[in-house]
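A quick write-up on the structure given underneath.
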Protein chains: 2
Amino acid sequence: MRRKGKMNSLQDILYHFALGTGTHDFPALFGDVKFVCVGGSPSRMKAFIAYIAEELGLGSSGGDYPNICAGTDRYAMYKVGPVLSVSHGMGIPSISIMLHELIKLLYHAKCSNITIIRIGTSGGIGLEPGSVVITRQSVDATFKPQFEQVVLGKTIIRSTNLDEELAKELLQCSKEINQFNTVIGNTMCTLDFYEGQGRLDGAICLYNEEEKLQYLKEAYDSGVRNIEMESSVFAAMCNLSGVRAAVVCVTLLNRLEGDQISSSHDILVEYQQRPQKLVGYFIKKSLGKV
Amino acid sequence: MRRKGKMNSLQDILYHFALGTGTHDFPALFGDVKFVCVGGSPSRMKAFIAYIAEELGLGSSGGDYPNICAGTDRYAMYKVGPVLSVSHGMGIPSISIMLHELIKLLYHAKCSNITIIRIGTSGGIGLEPGSVVITRQSVDATFKPQFEQVVLGKTIIRSTNLDEELAKELLQCSKEINQFNTVIGNTMCTLDFYEGQGRLDGAICLYNEEEKLQYLKEAYDSGVRNIEMESSVFAAMCNLSGVRAAVVCVTLLNRLEGDQISSSHDILVEYQQRPQKLVGYFIKKSLGKV
């Protein structure tokens, strides 16, 4: 938490989680959390909690994991042992609301030594589809490692640094499991999926293929290996809050070769499991269970 | 559609809807759509389709409305007669992905004379909670009626004009149903719910109450009556695509009096039905059923 003043309300309502300090015992519910994994899709984050539960030998007999945020459909949240799994929707504003409430949740629960990892999907640049990118730096659409934010009408710039050691540890984990290509590279974070990422197949597109490819090649030359829509504010907020953080995204396609995600459902499902496998192994290893 | 070139792929995959022209007959499925209502929450958009079905005398006997986007959990989509109801998640990037794919869907389905209305929730400024705001202009966090977007790394500015006639028609509908306070006013669209809207209760807050109130009062003086997170790109994209559009949001609280949404669940549920009632009446009236 980075706050000018103390919060002075009698209770704190985390509106978009449908949780509140007046109605929920945060230390009892969340006090043992050490790893928080976040991702866009609610069903993917539910699948992740079932996977990690199995991996840690904490699987429930019925295989059922209740949604802690069942009182709302804004986000979904699941927990097993020291692992919390939370969905964040798509885009910077959506993940930023979730992170404000998540950081407050961890604070109210008196958690310490937390590691937060975003496990997501992305478009790759110059990589075989299915490759996993661990983010070195999150950069904006002009390839600068910064996040611009407007606060009280004024633009401020925040650093998007991520934990270097953690990125290296994750790369080492990928080498140990040795199942798919993983690289450390820069991740470009955009505010739009179509025009913002130079796609030619949006409803609005006022540039041509040559201009698109030139932009993507400039991105590649600056060190960008994948493009997604949440990493910059994720890095900035974790940074400001002093939380160790990483971004691990699989690439669903190579943007130098096309715009549409047209791989079969089964292949895409397998790709989306790769960040889960990598981060699952990392958590097991961190807990001395490998 | 506003495109430099023709789309040249054999089929168009609307990835985030899990629909595609190669697998779905768009004219048969959507050709009769005349009204599209969009809102953040999937469950609210499902409730809306059930409500409008009743109102139009098109209610299904079982009261069940299947999710057309059941193949994904990114968005939910429902249809009854000429009305399509689609969720868009929270924030500009999330609604922008949905709108790209929605505009392509309507184009492939050969729809014409479409009206798109966003029915949402917002924070009010200087209004009794529960008041409904019909947006005159969507303005940015510095109160300018524009939407800044980065395309191929360059910032471009788009107009956020909305249809004046449609706003007046909607206000007239509210007078006719006469159940809650409705005003036409400017809507501020921000990229963040906490710092971006001057809240004091986020995980990060580096300003004080006086600075916050000064900002909100400046917003009020410039004509802003509510704050939400999607209207600017919604207005810009509908504008560019030549679609008649309106934004109708209920205010859940008066931001001059606080930051937390602490009204009871039942009161909030009733507030959230107000834009649905207003737009439902408007659709009935447009179809000559009032």
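The set of residues from segment B:11-46 being out of contact with any strand residue (DSSP E or B) (no Cβ under 9 Å at 6 or more places or on another chain) and among the small types (Gly, Ala, Ser) comprises B:18, B:28, B:31. Against the definition (closer than 27 Å to residue A:270 by Cα, among the hydrophobic types (A, V, I, L, M, F, W, C) and within 14 Å of another protein chain (Cβ to nearest Cβ)), how does residue A:156 come out, yes or no? Spelling it out, it is not the case that residue A:156 is closer than 27 Å to residue A:270 by Cα, among the hydrophobic types (A, V, I, L, M, F, W, C) and within 14 Å of another protein chain (Cβ to nearest Cβ). Within the option set A:98, A:90, being in contact with a Lys or Arg (Cβ under 9 Å, 6 or more places away or on another chain), part of a helix (DSSP H, G or I), in contact (Cβ under 8 Å) with a residue 60 or more places away in the chain and not aromatic (Phe, Trp, Tyr) holds for one residue only, A:98. Name the one entry in A:58, A:29 that is touching a residue at least 12 places away in the same chain (Cβ under 8 Å), among the aliphatic types (A, V, I, L, M) and out of contact with any Leu (no Cβ under 9 Å at 6 or more places or on another chain). From the options A:58, A:29, the qualifying one is A:58. Only one of the numbered conditions (1) within 30 Å of residue A:139 (Cα to Cα); (2) within 13 Å of another protein chain (Cβ to nearest Cβ); (3) in contact with a strand residue (DSSP E or B) (Cβ under 8 Å, 6 or more places away or on another chain); (4) crowded, with 16+ Cβ neighbours inside 10 Å is not met by residue B:123, and that is (1).
Checking every residue in segment B:3-19 against the condition of being touching a residue at least 12 places away in the same chain (Cβ under 8 Å) and basic (Lys, Arg) gives zero matches. Determine whether segment B:183-190 contains at least one residue that is under 24 Å from residue B:276 (Cβ atoms), aliphatic (A, V, I, L, M) and within 11 Å of another protein chain (Cβ to nearest Cβ). Yes: segment B:183-190 contains one or more residues that are under 24 Å from residue B:276 (Cβ atoms), aliphatic (A, V, I, L, M) and within 11 Å of another protein chain (Cβ to nearest Cβ).
The residue of segment A:191-211 that is surrounded by the fewest Cβ atoms within 10 Å (Cβ to Cβ), among those that are assigned to a loop (DSSP other than H, G, I, E, B) and more than 7 Å from every other protein chain (Cβ to nearest Cβ), is A:199. I want to confirm something. Restricting to segment B:212-224 and keeping residues that are free of Cβ contacts under 8 Å to residues at least 40 places away in the same chain and facing chain A (nearest Cβ under 9 Å), which single residue is nearest to residue A:14 (Cα to Cα)? Only one residue tops the list, namely B:212.
Across segment B:241-267, the number of residues qualifying as assigned to a helix (DSSP H, G or I) and crowded, with 19+ Cβ neighbours inside 10 Å comes to 1. When the residues of segment B:235-266 are filtered to those that are out of contact with any strand residue (DSSP E or B) (no Cβ under 9 Å at 6 or more places or on another chain) and of a type outside the set (S, T, N, Q), the one that is farthest from residue A:15 (Cα to Cα) is B:257. When residue B:93 is tested against the conditions (1) away from chain A (no Cβ under 14 Å); (2) closer than 30 Å to residue B:147 by Cα, the lone failure is (1). Does any residue of segment B:47-66 turn out to be surrounded by fewer than 19 Cβ atoms within 10 Å (Cβ to Cβ), within 14 Å of chain A (Cβ to nearest Cβ) and not small (Gly, Ala, Ser)? No: segment B:47-66 contains no residue that is surrounded by fewer than 19 Cβ atoms within 10 Å (Cβ to Cβ), within 14 Å of chain A (Cβ to nearest Cβ) and not small (Gly, Ala, Ser). The set of residues in segment B:244-267 that are modelled with pLDDT of 95 or more, more than 14 Å from the chain's Cα centre (by Cα) and hydrophobic (A, V, I, L, M, F, W, C) comprises B:252, B:253, B:256, B:267. For residue A:32, the requirement of being surrounded by 14 or more Cβ atoms within 10 Å (Cβ to Cβ), part of a loop (DSSP other than H, G, I, E, B) and at the interface with chain B (Cβ under 9 Å from one of its Cβ atoms) is not met.
Looking only at residues in segment A:139-190 that are free of Cβ contacts under 8 Å to residues at least 24 places away in the same chain, surrounded by fewer than 16 Cβ atoms within 10 Å (Cβ to Cβ) and part of a strand (DSSP E or B), the one that is farthest from the chain's Cα centre (by Cα) is A:154. Residues that are within 11 Å of chain A (Cβ to nearest Cβ) and either more than 16 Å from the chain's Cα centre (by Cα) or of a type in the set (A, V, I, L, M) (or both) within segment B:225-239 comprise B:229, B:233, B:236, B:237, listed in sequence order.
The values are calculated or read from the model by the stated rules, or taken from the named source; none is laboratory data. In this text, all values refer to a predicted model and were calculated from it rather than measured experimentally. Positions of Cβ are backbone-derived with ideal geometry, glycine not excepted, and every protein chain shown enters the neighbour counts.
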